[in-house]
Every structure is written in C-alpha cells, then in structure tokens.
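J.: My questions all concern the structure below.
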Amino acid sequence: MEGRRGTNLPRVADFNQAVILDAVRHAPDGLSRVELAEVTGLSAQAVSNITRRLLDRELIREAGTLVSVGRGKPRTLLQLHPTGHFAIGVHIDPTVTTVALLDLLGEVVASVRTLPASATPPRQLVTAITEAAAGLVASTGIDAGRVLGLGIAAPGPLDQGTGVVLEPPLLPAWTRVGLRELLHEATGYPVVLHKDAAAAALAELWRGSAATLADFVFVYLGTGLGAGLVSGGELLGGSTDNAGEIGHLMVDTDGPVCGCGRRGCVGPAIMPRTLVTEAADAGLLPRPAPGAGDREIDELFTAMCRLPAARPVLERSATRLARAAAAIANLLDVRAVVFGGPAWDRVGHVYLPILRDTLLTTTEARHVHPVTALGSALGPDVGAIGAGCLVLEHSFSTRPSTLLLGPRDDQVAAVP
Ligand SMILES: [Zn+2]
C-alpha cells in the first residue's frame, strides 16, 4: 500500500498528526523519525514536533533503538502505544450481542456477550450494552478517560447522517432506532455506527487475514448475509454507506424462496433458518416450530453442522454462496474474498474448499491473478473487533471527511 503524504502547513496539523499515526500503524516493528520523514514527506522539524506531541499523549511510544551500519547515530524507533488508549466495539447480530474492549493495536483486551437484539427491545439492549461496556472497563482496571469512543456494528440499512438503524429485515421490532444517540447518552462516549459487514471488513484490514491486502471483499455470515467492500485499502461505502447488500444476487433458480418474493437469491440460501429447514425436510433434524426464534434456530444449526449426514445440505449452500462470491469478485476485481462472522466457525470446514475452488477456477481475473478464498482468522468476534476498529479508524484516519468535525462526523473526535 502506498504511504500517505503530508503537508507542512500548520493549519492542517491534525492532518499531519493522522499521517504520522497512519505510518506508524502500518509499521509494527517501528519507524525512526528519519524514516517517518521519508515515508510521509514531512520535514524533520514537523516530524519531531508531532512525534513529541504524540509521545506526550501516549499514542506512540519509543521502542528501542536501531543501530545503523556506518557513521549514523542510533535511531530511536517509534511504535503505537498499545495501552495508551482503548476503543469499545459493539456488534449487534440478531442472535448475539458482543461487546469488546480493544487496545490501540486493535487487539481484544476483554470481551463479553449480552442480550440478543432479536429478543430485546432497543432501549433495554442499550442499557445492557452500557452495563457490559462499563463492566469491561472496570474489570480490566483501565482509565475510562483513555477510551477514545464506542463503535457499533449493526445490521443495515442505516442512516449514517443521523446514526439511525432503519428497518433491518431480520429485526422486525426495530424501526428507525436512533442507536448512536441513545448509546452516546447512555455511555457518555463518542459513538460511531456502521454496518456489520463493513465493520468486519475493517477488522480484517486492521489485523485479520486481509491485513496485507488493499483490495478484497469480506462476506459476513451471521443470521443474514452481507458484504464489506475494500478498495485501495479503504472501505467502499457507496453514496450512503449502505453498499454491500449482496443477499439478492440470484444464484440458483431452484433455490429457496427469498423474502423479496423471488426464488434463488443467495441470502436465504445460506441462512441458518433455511439450512435447518432443508435438513429437517431430509429427516435429519427435528422440524423447528413455525414461529421458532433466532436462538432456537441457532442451536439447531449448531447441531446440524456437526451431523455428517447433513454435509450435502451445507455443500449445496456453499456452492450457491460460491457463485455469488465469484460474481462479486468479477465486479470489483479483488484479489481475495474473506469469509467470516458468527456462523462461519460452524460451516467453514465444509464451505472453504468449495469457495476456494470456485474462485480459483471461474473468476474472469484468474488469467491475470488468482482470487483467493480466505477464512477470517478473527473468529466469531470479528464484528465487535471491527466496531472497535471503526473508532480507531476515525481517530487515526487521514481522510478529509473524518477531519472536518461537524454534526455529521459521527461524534468521534480526532485523536486528543
Ligand atoms: Zn431476494
């Protein structure tokens, strides 16, 4: 990935600070001040001033010296200060809500699960999240003043301007919930909100399987299906940050009926509810009750994934998902598709070989470069990690949109 260049104009000091932080973040072994000046294009004096400020604020730390060969004097290496600041990430999936405390590197310090959104009214869930976040801060003994903010990864569609969760198809009781404002009022933290799959893609970008890739798609498998798109090392949001709705890609005219009324969309073809029903149709599982809740379906799904006889059901689902993944890879010319989310750990062993084979052998770009299928290395908490990374991204970002503090800036301030 090409480094970002800075400017020496004092009126954009915040931008230069972000440029330095971004450069340090991408060099886990550390960078000297001389290297920082080379990478960012900033003057030695500017680098010296900014790094002193960042050291004072415990955003970076000195991490040993680099003894150069020849005449030069030893250079002090600078790294992010892992425990200088923290972020809280909240992932809301219909069947599980996860709250995680991340350090400045995006590593999980502690995490906890709380009430599922599908069975909890929004205000009650906000209270549960607030208590869970306070509990994490208290149990780890960190200073709450070092928490930069709270990120939420939620099912879309979202109104980013107002921080409102609109009408997620899988959360019928949630209609226009002002989640960002509610959580800001309850916790006191600056709050940033994004779609679950986009947050998960950000987690991969920061510290997952795709950390060295600039162009990839993250396919999120939870109660539903979504995608986070990354191009040139940045999330592709579309005009309202609602990009990535892949659920209605047509993959099999004989597939299950979708909520949109058509047959063959990929969304229902991978949904645990559909797969459990297909396994029950084949006599492999007890049939779920007509109004079975998401938790009950999730438990049946776990049992089903352990049944060797249910493997053909999973393989057919994987084949349908692979067709959608190949279409997305063709559309965006990515080098990898990363799969993860709460359902992935249970199906990955069956899905991954099928996804790998389809992407390697059927994508149009295969004559130019391989398209790889990867399983997320971040486990089922990838959404919560991504939510925390949203805070870090907003705090570190060099993108102009996140430096212009205003009512639409998701309330997350630039790094203090
Ligand atoms: Zn559909």
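J.: On C-alpha positions alone, give me the angle between the axis of helix 196-207 and the longest principal axis of the chain, in degrees, nearest 10.
T.: Around 40 degrees separate the two axes.
J.: Over the chain, with a Gaussian network built from C-alpha contacts below 10 Å, which listed residue (Asp103, Asp29, Asp159) shows the highest mean-square fluctuation?
T.: Looking only at Asp103, Asp29, Asp159, the biggest GNM fluctuation is shown by Asp29.
J.: Work out how much length Arg113 to Ala292 would gain on full extension: take 0.36 nm times their residue separation and subtract the Cα-Cα distance, in nm to one decimal. Please report the intermediate quantities before stating the final value.
T.: Details: separation 179, 0.36 × 179 = 64.44 nm, distance 2.17 nm.
The span from Arg113 to Ala292 would gain 62.3 nm if fully extended.
J.: Here is a further query. Would you please give the residues with an amide H less than 5 Å from that of Gly226, counting only those at least 5 places away or on a separate chain, with H modeled from the backbone geometry?
T.: Tyr220
J.: Continuing with the same structure: Taking Rh as the Kirkwood radius computed over C-alpha pairs, what is the Stokes-Einstein D of region 241-297 at 10 °C in a medium of viscosity 1.306 mPa s, expressed in µm² per second? Could you put the intermediate results ahead of the total?
T.: Values: Rh = 12.4 Å.
The estimated diffusion coefficient comes to 128 µm²/s.
J.: Output wanted: per-residue J couplings in Hz (rounded whole) for region 214-229, from phi through Karplus 6.51 cos²θ - 1.76 cosθ + 1.60, θ = phi - 60°, x for Gly and Pro.
T.: Per-residue couplings from phi come out as 9, 10, 7, 10, 9, 9, 9, 10, x, 5, x, 10, x, 9, x, 10 Hz.
J.: Hey, got the dipole for the chain? About the Cα centre, +1 on K and R Cβ, -1 on D and E Cβ, debye to the nearest 20?
T.: It works out to roughly 580 debye.
J.: Using the alpha-carbon atoms, what tilt in degrees (0 to 90, nearest 10) does helix 122-140 show relative to the longest principal axis of the chain?
T.: It works out to around 50 degrees.
J.: Rounded to the nearest percent, how much of the accessible area of the chain (1.4 Å probe, protein heavy atoms only) is carbon and sulfur? All intermediate terms of the calculation are to be shown ahead of the outcome.
T.: Details: 9450 of 17660 Å².
Taking all protein chains in place, the chain shows 54 percent carbon and sulfur surface.
J.: Could you state the accessible area per residue of region 10-80 in Å², with a 1.4 Å probe and every protein chain left in place? Write down the numbers at each step before the final one.
T.: On the way: 3870 Å² over 71 residues.
Per residue, region 10-80 has 54 Å² of solvent-accessible surface.
J.: Rounded to whole Hz and in sequence order, give me ³J(HN,Hα) for region 341-357 from the Karplus expression 6.51 cos²θ - 1.76 cosθ + 1.60, θ = phi - 60°, writing x for Gly and Pro.
T.: Per-residue couplings from phi come out as x, x, 8, 5, 4, 8, 10, x, 5, 8, 6, 4, x, 5, 5, 4, 5 Hz.
J.: Using a simple charge model, +1 on the beta-carbon of Lys and Arg, -1 on the beta-carbon of Asp and Glu, nothing else, what dipole does region 22-78 show about its Cα centre, in debye to the nearest 20? If you can, show how the numbers build up before the last one.
T.: Values: 9 positive and 7 negative charges, 42 e Å.
Dipole about the Cα centre, nearest 20: 200 debye.
J.: To continue, here is another question. Rounded, prolate or oblate: which fits region 104-223, taking a ≥ b ≥ c as square roots of the Cα gyration tensor eigenvalues, rounded meaning a/c under 1.5, else prolate when a/b beats b/c?
T.: Values: a/c = 1.68, a/b = 1.04, b/c = 1.62.
Here region 104-223 falls in the oblate category.
J.: To the nearest Å, what is the center-to-center distance of region 42-89 and region 103-158, using C-alpha atoms only?
T.: Between the Cα centres of region 42-89 and region 103-158 lies a distance of 30 Å.
J.: Still on this structure: Could you state the number of Å between the C-alpha centres of region 295-366 and region 196-241?
T.: 16 Å
J.: Rounded, prolate or oblate: pick one for the chain, where a ≥ b ≥ c are the square roots of the eigenvalues of its C-alpha gyration tensor, a/c under 1.5 means rounded, and failing that, prolate if a/b is larger than b/c, else oblate. Spell out each step's value before the answer.
T.: Working: a/c = 2.16, a/b = 1.57, b/c = 1.37.
Prolate, because a/c is 1.5 or more and a/b exceeds b/c.
J.: Test of understanding: in a Gaussian network model of the chain with alpha carbons linked when under 10 Å, which of Asp294, Asp22, Asp357 would top the mean-square fluctuation ranking?
T.: The residue that fluctuates most here is Asp357.
J.: On to the next question. If one takes the longest principal axis of the Cα atoms in the chain, at what angle in degrees, from 0 to 90 and to the nearest 10, does the Cα axis of helix 44-56 lie?
T.: That works out to roughly 60 degrees.
J.: The chain: longest stretch without exposed trypsin sites (Lys or Arg not before Pro) (DSSP loop, at most 12 other Cβ within 10 Å), sites themselves excluded? Walk me through the numbers on the way to the answer.
T.: Working: sites that count: Arg5, Arg71, Arg176, Arg306, Arg408.
Longest run free of exposed loop sites: 177-305.
The values are calculated or read from the model by the stated rules, or taken from the named source; none is laboratory data. On a predicted model such as this, the values are computed, not experimentally measured, just so you know. Cβ atoms come from the backbone with ideal geometry, glycine included; neighbour counts cover every protein chain shown. For accessibility, only protein heavy atoms count, side chains too; no ligands or nucleic acids. Shrake-Rupley method; radii C 1.70, N 1.55, O 1.52, S 1.80 Å.
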